[in-house]
Every structure is written in structure tokens, then in C-alpha cells.
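Heads up: the structure comes next, in C-alpha cells.
Values in this text are rule-based calculations from the coordinates and carry no lab data. Worth saying up front: this structure is predicted, and the values here are computed from it rather than measured. In this analysis, Cβ positions are derived from the backbone assuming ideal geometry, glycine residues included, and neighbour counts consider all displayed protein chains.
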Ligand SMILES: CC(C)(COP(=O)(O)OP(=O)(O)OC[C@H]1O[C@@H](n2cnc3c(N)ncnc32)[C@H](O)[C@@H]1OP(=O)(O)O)[C@@H](O)C(=O)NCCC(=O)NCCS
């Protein structure tokens with residue numbers, strides 16, 4: 001069975017035909033992601049099959065996270081932290097309708113965690129934060145992201161709790 005690979009988003013990827021069922025996310029990949037890729041606002045990675053390298057199976061985008069008040073974090077994480085922390089943001093994540101239910105969402109999420117974990121080896125950050133769209137928080141909770149008590153669509157996975165992800169090739 002062919003295993004899809006991650007690539008940094010380029011013009012070679014056919015973003016025009018990507019459809020995850022959420023128009024705002026489709027629009028973001030088509031119009032904003034390429035701009036951000038150039039100007040350094042976020043980095044997008046796409047999942048593709050080598051046999052069809054232009055077709056986007058799914059994607060995720062990451063950037064740095066602005067200051068987060070420690071008081072807003074889940075209670076168990078607040079101990080011995082300064083007043084505010086920073087980290088990484090999983091800004092967008094989606095799988096094409098055509099490829100849903102084949103563990104690609106899981107693949108994308110684990111790759112995003114691996115990237116945050118590795119980034120933290122050079123530039124420290126408290127955690128990987130995600131702002132889930134309405135109804136999607138449970139997807140992240142399944143992978144042990146913890147919701148903010150007063151804002152359950154914002155979730156975090158502390159870097160210190162991540163498994164030791166291997167270096168990327
Ligand atoms: C949410 C999404 C990324 C899941 O992608 P997927 O490839 O179909 O998911 P996977 O096949 O990897 O599923 C992994 C697990 O998550 C579960 N899961 C999938 N979608 C879920 C959702 N919306 N809520 C909760 N759990 C979900 C699956 O049941 C599966 O669990 P299992 O292994 O116990 O069966 C995809 O449906 C999507 O792109 N949705 C539209 C955009 C979106 O909601 N993005 C994320 C929030 S910003």
C-alpha cells in the first residue's frame with residue numbers, strides 16, 4: 001500500500017481542486033497559504049501520494065503562538081509557569097473529502113506535533129496550541145490535546161508531555 005508523504009506547499013500542488021467540505025478552509029489553502037508561504041506568516045505542509053504528486057490529500061499550517069496567559073491554561077498545567085507563555089500554533093488542518101476516514105487527519109496531526117517538538121529543541125515554546133473550529137475540538141481531544149477551561153475550542157498539548165518524536169529525514 002502506498003504511504004503518502006509530506007511536502008512543503010509549492011506551486012506544483014493543485015490547491016485549486018482541494019475540497020475538505022469547509023469553504024473557509026478551502027479558500028484559505030487556495031489564497032492565503034501561498035502568500036503566507038512567501039512572507040513567512042505561516043508554513044503549510046501538504047500530504048501527497050508520490051504517484052499523484054500534485055493532488056493534495058490534506059494539509060496543515062503552523063506558525064508561532066502569541067503570548068498566552070498562564071491563568072487561561074488548564075489548571076493542571078499552570079504550576080510553576082511565568083505569568084504568560086508562548087509556543088506554536090497549529091493554524092489550519094484539513095483532509096480532502098475524497099480521502100477522509102483513512103487516518104490522514106491523524107497523520108497530519110502527528111506530523112504537526114513532531115514539527116513543534118523539533119522546533120522546541122532550538123527555540124523553546126510551552127506547547128502546541130490549536131483553535132478548533134466549532135465541532136472539531138473532540139478530534140484534538142482524542143489525541144490528548146487539553147481544552148482551555150473558559151474556551152473549549154482552544155486546546156493545547158504541552159511540549160513537555162509529548163513523546164520523543166524522532167528527527168525528520
Ligand atoms: C477533522 C478531519 C481533519 C479528520 O480527518 P480524517 O482523515 O477523516 O480523520 P482520521 O481518519 O485520521 O480519523 C482519526 C480519528 O479521529 C476521529 N475523527 C475524525 N473526525 C473527527 C471529528 N470531526 N471529531 C472527532 N473525531 C473525529 C476518527 O473517528 C478517528 O478515530 P478512530 O481511529 O478511533 O476511528 C477532517 O474530517 C476534516 O478535514 N474536516 C474538515 C476540517 C476540520 O474540521 N479541520 C479540523 C478542525 S480546524
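Structural remarks
- Beta bridges per DSSP with both ends in the chain, % antiparallel, nearest 5: 85
- Within the range 89-115: backbone nitrogen closer than 16 Å to the residue 3 label point (7 Å, Cα to C-beta): 103-112, 114
- Estimated distance in nm for a label pair at residue 148 and residue 64, the labels positioned 7 Å out from Cα along Cα-to-Cβ: 1.9
- Shape of the range 20-61, Cα gyration tensor, a/c cut at 1.5: oblate
- Ranking of 107, 65 by count of other Cβ atoms within 10 Å, fewest first: 107, 65
- Relative to the longest principal axis of the Cα atoms of the chain, helix 104-122 runs at roughly 50 degrees.
- The calculated FRET efficiency for residue 14 paired with residue 84, based on their beta-carbon distance and R0 = 41 Å, is about 0.50.
- For the chain, alpha-carbon Rg relative to the globular expectation (2.2 N^0.38 Å, N residues): 1.04
- The chain: calculated mean residue ellipticity at 222 nm from DSSP helix runs of at least 4, using -39500 (n - 2.57): -6000 deg cm²/dmol
- Fully extended contour minus Cα-Cα distance, from residue 22 to residue 52, at 0.36 nm per residue: 8.5 nm
- Packing rank of 121-134, 30-43, 73-86, where each peptide gets the mean count of other beta carbons within 10 Å, highest leading: 121-134, 30-43, 73-86
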